[in-house]
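Participant: Sharing a structure below in structure tokens format, with a few things to ask.
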Amino acid sequence: MGFGDYPAEYNPKIHGPYDPARFYGKPDTPFGQVKLGELGAWISRRNKHPTAISGAVSRAWWRWQHKYVQPKRAGIAPFFQFVAGSMVFFYFINYGKLSKHKNY
């Protein structure tokens, strides 16, 4: 699979139109259904290659886009999510300066 190609598991005759938010690989146990004793085996089955990680991030991005940004009647939720994420990001990058101004 090269940059911009479909995943190797995708078959248009079986899956229909391509959806960038869908995982076309072999299904596994969802994270919410994994028992604590099986967690190590579940993590070891994950593909940790940078291409697989970027694919997972891309699918998460498209799921967020389809749910909040691209519906017919999109609300104000993406704006507030962006603002909250920005606030957390800037807090972390400025934590060194902010921690010196504590009141005891």
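The values are calculated or read from the model by the stated rules, or taken from the named source; none is laboratory data. For clarity, every value in this text was computed on a predicted model and none was experimentally measured. Cβ atoms come from the backbone with ideal geometry, glycine included; neighbour counts cover every protein chain shown. These area figures cover heavy atoms from the full protein model, side chains too; ligands, DNA and RNA do not enter into them. Shrake-Rupley method; radii C 1.70, N 1.55, O 1.52, S 1.80 Å.
Participant: Rounded to the nearest 10 Å², what accessible area does residue 34 show when all protein chains are kept and the probe is 1.4 Å?
Facilitator: The accessible area of residue 34 comes to roughly 30 Å².
Participant: In deg cm²/dmol, rounded to 500, what helix-only [θ] at 222 nm does the chain give when every DSSP H run of at least 4 residues adds -39500 (n - 2.57) and the total is split over its residues?
Facilitator: Only helices count here, giving -12500 deg cm²/dmol.
Participant: Something else about it: Given a 1.4 angstrom probe, I'd like the percentage of the accessible area of the chain that is carbon and sulfur, rounded to a whole number.
Facilitator: C and S atoms contribute 64 percent here.
Participant: Something else about it: Using only Cα atoms, find the angle between the long axis of helix 50-64 and the longest principal axis of the chain, and express it within 0 to 90 degrees, rounded to the nearest 10.
Facilitator: Value to nearest ten degrees: 80.
Participant: Per residue, what accessible area does the range 12-75 have, given a 1.4 Å probe and all protein chains present, in Å²? Don't skip to the answer; put the middle values down first.
Facilitator: On the way: 5370 Å² over 64 residues.
Heavy-atom accessible area per residue stands at 84 Å².
Participant: Follow-up. What do you get for trypsin sites (Lys or Arg not before Pro) in the range 31-104 restricted to DSSP loop and a cutoff of at most 15 other Cβ within 10 Å of the site's Cβ?
Facilitator: 35, 45, 46, 48, 72, 73, 102
Participant: Nearest 0.05, what FRET efficiency do residue 3 and residue 99 give at R0 = 41 Å with Cβ-Cβ as r?
Facilitator: 0.50
Participant: Taking 8 Å as the Cα distance limit and 6 or more residues as the minimum spacing, I'd like the relative contact order of the chain as a percentage.
Facilitator: 20
Participant: Which length gain, in nm to one decimal place, applies between residue 91 and residue 59 when the Cα-Cα distance is subtracted from 0.36 nm times their residue separation?
Facilitator: 8.8 nm
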